[in-house]
Amino acid sequence: MKHIGLVLAFLALAGCVDRSASPTVPEALEIGSNYRVFAASTRLPEGPDSFGYRRSDQLRYLNLTVSIPPNREPGTLRFGYGNPNPQRNFTMANREIFPDAAAFRADLRHTMNAHPLKNKEVTIFVHGFNATQSETAFRAAQLAHDIDMPGEMMVYSWPSRGNPLAYAYDSDSALFARDGLEQTLREVKAAGARRILLVAHSMGSLLTMETLRQLDIKDPGWAGRNLGGVILISPDLDVDVFRKQMSLISNPPRPFVVFVSAKDKILNLSARLRGTHNTPRLGNRSSAQLVSDLPIEIVDTTEFSDTAGSAHFVPATSPALLAMLQGARQMNRTFRQDETSFESMIVGVSVERGPDSEIILRPLSDSSR
């Protein structure tokens, strides 16, 4: 019964707005802060302003400019959908489809060449269940802007239906999209990225892990040689499946970070939908003891769930934790040092080790508990 309210909220959301609508508003370029996001998508185009939920065998590359509204609190993200107000809403200000992969590579290479050598890196964000393409671009821009992320941001937009009642469709689509993500990683590497950070949220973690497994079957050790790190945020992934996937990746990228929480109701609902409510998903805090022997870092964000905009996406919607992601590109060095070094780069956050060797994050006021 405790999940009925959540299900009813999903139903209300499904019926009140057309989330696929996201017009291009060039005037927004003069209003907000503009952030460029590259995109690769296996969604089928359905009009000049829409990549929908239908699956496409063709991988398309895009150049998107997102206008971020002024006077906004870090971690917040407001959508306008079919009628955005650039003063208040994230707005698509420009949208360009590259004619082919070669044009995408050339543009990405040219853009990276404008950065110092140390910032010639690309973060690829893989969204989760119930997401539209525009929502994904907006979330990536919000996260990158709020943490002042170095290098370039890119999204991999797989064909989620963008409907809370389409869990099974999205699960199949995540598997459908594996080849596209593999191709995207190879194209970004071919464009000359010095470092690639792969960040996945929720069901996007299933897609990410399946792609890493697929890459290793074709070319053992590819991920470890070519990726600068993997971050899974609230992964909606079966623990046994994750363990099997990890066992087949001969050289996992480092750092390999998994963000978990004990207050993620979305993952609890996912477990019920799958008939596995007696076992945790990888993103549940209770999974830490089941994967503590793997070459990964578990980061517990439970203490920030209540004040985050989304308990299913705490690192991106908690102002206190956005500073931590700002140092994500430094994790490889930090995790090989002591906890004091890790703590020193996070303002307002206490860091300690839990009983299963996970890293527990708390507000400094709670550090004595």
Among the residues of the stretch 64-83, is any within 25 Å of Arg195 (Cα to Cα) and free of Cβ contacts under 8 Å to residues at least 60 places away in the same chain? yes
Which condition number does Glu187 fail, the rest of (1) under 26 Å from Asp57 (Cβ atoms); (2) modelled with pLDDT under 95; (3) not small (Gly, Ala, Ser) being met? (2)
Of the residues that sit in the stretch 236-262 and are of a type in the set (D, E, K, R) and surrounded by 14 or more Cβ atoms within 10 Å (Cβ to Cβ), which one is nearest to His127 (Cα to Cα)? Asp236
Against the condition surrounded by fewer than 21 Cβ atoms within 10 Å (Cβ to Cβ), assigned to a loop (DSSP other than H, G, I, E, B) and either touching a Ser or Thr at 6+ places or on another chain (Cβ under 8 Å) or hydrophobic (A, V, I, L, M, F, W, C) (or both), how does Pro70 come out, does it pass? yes
Can you work out which of the residues in the stretch 192-228 that are surrounded by fewer than 22 Cβ atoms within 10 Å (Cβ to Cβ) and small (Gly, Ala, Ser) is farthest from Val299 (Cα to Cα)? Gly192
Residue count, the stretch 263-289 (criterion: within 16 Å of Tyr167 (Cβ to Cβ), surrounded by fewer than 18 Cβ atoms within 10 Å (Cβ to Cβ) and either in contact with a helix residue (DSSP H, G or I) (Cβ under 7 Å, 6 or more places away or on another chain) or modelled with pLDDT of 90 or more (or both)): 3
Tell me the strands (runs of 3 or more DSSP E) entirely within the stretch 224-328 that contain at least 3 residues that are of a type outside the set (Asp, Glu) and under 26 Å from Asp148 (Cβ atoms). 229-233, 256-260
Sole exception among (1) surrounded by fewer than 21 Cβ atoms within 10 Å (Cβ to Cβ); (2) touching a strand residue (DSSP E or B) at 6+ places or on another chain (Cβ under 7 Å); (3) at pLDDT 90 or above; (4) among the charged types (D, E, K, R) for Glu46, by number: (3)
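The values are calculated or read from the model by the stated rules, or taken from the named source; none is laboratory data. Just so we're clear, the structure is a prediction, and the values are computed from it rather than from any experiment. With ideal geometry, Cβ positions are generated from the backbone for all residues, glycine too; neighbour counts draw on all protein chains shown.
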